[in-house]
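To start, the structure under review is shown below, and the notes come after it.
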Number of protein chains: 2
Amino acid sequence: MATTKDIRPRGRPRRFDPNQGIAVAQRLFHARGYDAVSVADLTDALGINPPSLYSAYGSKAELFARTLRHYTETQGVPLGEILRPGRPVAEALSAVLEDAANKYTAHPGSGGCLAIEGTRCNDVDARNAARNLTSAARDVIYRFVAETHPDLADVLADYTVTVMSGLSAMAREGVGRDRILGTASLAAAAYRETLSV
Amino acid sequence: MATTKDIRPRGRPRRFDPNQGIAVAQRLFHARGYDAVSVADLTDALGINPPSLYSAYGSKAELFARTLRHYTETQGVPLGEILRPGRPVAEALSAVLEDAANKYTAHPGSGGCLAIEGTRCNDVDARNAARNLTSAARDVIYRFVAETHPDLADVLADYTVTVMSGLSAMAREGVGRDRILGTASLAAAAYRETLSV
DNA sequence: TATCTTTTGTAGTCGCCACTATAAAATGCC
DNA sequence: GGCATTTTATAGTGGCGACTACAAAAGATA
């Protein structure tokens with residue numbers, strides 16, 4: 001079979017695959033956080049030299065932005081699937097928290113949500129990239145709730161984002177999956193109490 | 001009146017009051033976070049030179065630890081007062097969240113809890129100082145709940161700490177007091193649902 | 001006034017940070 | 001083989017981080 005990969009470009013061939021590099025960078029960023037990962041850490045882990053990293057990704061912050069995109073597409077909470085229009089709100093939002101609890105504790109060394117944790121870093125560009133994703137997530141939750149409960153959409157979206165942020169923080173502090181799942185389950189009680197007719 | 005302040009020590013007198021310095025440092029740390037405040041920022045704000053800061057506080061991390069102590073004593077959520085033994089658990093924990101929502105949005109430029117936010121910084125000593133305080137807070141909540149509901153103490157303490165962490169994050173992101181208070185109020189619904197007979 | 005003590009201001013230290021200038025190496029194309 | 005193109009590796013850059021060596025200054029004590 002003749003894939004596009006077989007069409008070699010003209011110059012000297014790359015010694016590393018930029019797409020695989022994103023997976024490696026994701027592990028580092030997720031385990032230590034954006035600020036605590038240096039460009040030297042990244043180039044060491046990738047087995048390349050700084051100029052290769054900059055020619056492939058542009059900057060550390062741009063690499064982080066691409067890492068975030070890959071993360072939300074492959075490992076983030078699939079809000080679009082969970083929040084299907086028509087699904088009971090309390091049930092759907094509870095499922096979001098439960099999935100978050102599972103995802104945030106999926107990998108041993110790196111707890112929490114890469115995007116949520118990224119909003120607290122000290123680099124403007126990296127922080128904005130993370131904020132864009134978390135605010136997009138809030139919008140999805142808001143619109144889902146607004147379909148059936150317009151007056152509650154804001155407070156329910158705020159509450160859900162707040163709990164997710166808290167769960168991410170707990171996971172990052174090393175709290176185990178059972179306790180995080182228990183917390184998510186208890187948090188879901190607020191949905192039932194608020195949405196009960 | 002002859003206060004202890006009138007007894008001058010022997011050497012050259014200090015040009016600044018280390019106690020007032022802690023208040024100045026607190027404003028900086030709270031507004032920008034530990035990592036984003038440099039020693040140069042601190043010495044500029046205090047109107048002193050680096051050697052004076054180091055002779056007075058030892059290090060940046062020790063100054064932060066003293067700042068944290070002062071913060072929890074004067075501006076933190078007074079768990080000891082709110083969680084009086086015998087007070088209904090749902091009511092008491094709701095009051096904790098409401099007080100946190102108010103405190104975290106008290107100062108315009110600096111949102112969130114200094115201790116909670118401090119647990120995410122990249123300096124080991126500063127982070128541990130912050131962690132000691134947040135884990136002590138969890139212990140107080142746990143013991144209060146355990147008096148009347150031993151089986152629920154762990155999950156209620158986890159949930160309360162999780163929500164407080166989330167509220168702090170929202171405040172730090174610039175969300176206004178009304179929304180944060182609304183979120184705290186909604187979070188309290190989980191207490192009622194869980195503790196209702 | 002001379003001495004002792006403590007803090008001050010000047011002027012650095014060294015290390016790590018993100019990032020880059022430059023030229024050689026490795027390919028395709030003609 | 002020779003040329004164009006692209007990535008590579010070497011070896012840096014300047015800037016900012018926490019922190020400090022040192023001597024002068026400012027007071028109490030004798």
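In the protein assembly as shown, carbon and sulfur make up what percent of the accessible area (probe 1.4 Å)? Looking at the protein assembly as shown in its full context, I get 51 percent from C and S.
In this assembly of identical copies, the label point of B:Ser135 (Cα plus 7 Å along Cα-to-Cβ) is separated from its counterparts by 3.7 nm, sorted shortest first.
About its Cα centre, the dipole of chain A is roughly 880 debye, where the only charges are +1 on Lys and Arg Cβ and -1 on Asp and Glu Cβ.
For region B:165-186, accessible area lost to neighbouring protein chains reaches 20 Å² or more, against the chain alone with a 1.4 Å probe, at B:Ser165, B:Gly166, B:Ala169, B:Met170, B:Glu173, B:Arg179, B:Thr183, B:Leu186.
A label point on B:Pro51, set 7 Å along the Cα-to-Cβ line, lies at 4.5 nm from each of its counterparts in the other copies, closest listed first. The residues neighbouring A:Gly112, those whose beta-carbon lies less than 12 Å from its own, together hold a net charge of +3 under the Lys/Arg +1, Asp/Glu -1 convention.
With helices as the sole contributors, chain A gives -22000 deg cm²/dmol at 222 nm; each DSSP H run of n ≥ 4 counts as -39500 (n - 2.57), and the sum is divided by every residue. A simple charge model with +1 on the Cβ of Lys and Arg, -1 on the Cβ of Asp and Glu and nothing else charged puts the dipole of region B:16-72 at about 160 debye relative to its Cα centre.
Each of A:Gln75 and B:Asp123 was given a label point 7 Å from its Cα along the Cα-to-Cβ line. The distance between the two points is 3.0 nm. Of the residues making up region B:114-157, those losing 50 Å² or more of accessible area when the isolated chain is joined by the remaining protein chains, with a 1.4 Å probe, are B:Arg120, B:Asn122. B:Ala40 label point, 7 Å along Cα→Cβ, cut-off 17 Å on backbone N: hits in region B:118-132? In region B:118-132, the label zone of B:Ala40 (backbone N under 17 Å from the point 7 Å along Cα→Cβ) covers no residue. Each residue of region B:17-23 was assigned a 3J(HN,Hα) from its phi angle through the Karplus curve 6.51 cos²θ - 1.76 cosθ + 1.60 (θ = phi - 60°); the sequence is 9, x, 5, 5, x, 5, 5 Hz, with glycine and proline shown as x.
Calculated FRET efficiency, A:Glu173 and B:Ile7, Cβ-Cβ r, R0 30 Å, to nearest 0.05?
Step by step, r from the Cβ atoms, then E = 0.05.
With its label point put 7 Å out from Cα toward Cβ, A:Ala23 sits 5.7 nm from the same residue's point in the other copies, in order from shortest. Within the shell of other residues whose beta carbon sits under 12 angstrom from the beta carbon of A:Gly21, the net charge comes to +3, with Lys and Arg scored +1 and Asp and Glu -1. Quick note on region B:77-195: its Rg to Rh ratio, both from C-alpha atoms and Rh being the Kirkwood radius, is 0.97. Using a Gaussian network model on chain A with a 10 Å cutoff between Cα atoms, which of A:Ala95, A:Ala23, A:Ala157 fluctuates the most? Looking only at A:Ala95, A:Ala23, A:Ala157, the largest GNM fluctuation is found for A:Ala23.
Along the charge dipole of region B:30-132, which of B:Ala106, B:Phe64, B:Leu93 sits closest to the positive end, that is, farthest toward it, with unit charges on the beta carbon of Lys, Arg, Asp and Glu (+1, +1, -1, -1)? Going by the charge dipole, the pick is B:Leu93.
Annotation: amide H of A:Asp35 within the under-5 Å range of A:Asn122, sequence separation 5 or more or interchain, hydrogens built in the peptide plane. Counting only protein heavy atoms and a 1.4 Å probe, region B:77-195 has 41 square angstrom of accessible area per residue.
Positive end of the dipole of the protein assembly as shown (Cβ unit charges, origin at the Cα centre): among A:Ala146, A:Leu195, B:Tyr54, the Cα lying farthest that way belongs to B:Tyr54. Among B:Glu62, B:Glu117, B:Glu147, the largest mean-square fluctuation in a Gaussian network model of chain B (Cα springs under 10 Å) belongs to B:Glu147. Summing +1 for each Lys or Arg and -1 for each Asp or Glu among the other residues whose beta-carbon sits under 14 angstrom from that of A:Ser196 gives -1.
Chains A and B together bury roughly 2700 Å² of accessible surface, counting both sides and using a 1.4 Å probe on protein heavy atoms.
The values are calculated or read from the model by the stated rules, or taken from the named source; none is laboratory data. Because the structure is a prediction, the values reported are computed rather than measured. Here Cβ is always computed from backbone atoms with ideal geometry, including for glycine, and neighbour counts include all displayed protein chains. Please note that ligands, DNA and RNA were not included when accessible areas were found on the heavy atoms of the full protein model with its side chains. Shrake-Rupley method; radii C 1.70, N 1.55, O 1.52, S 1.80 Å.
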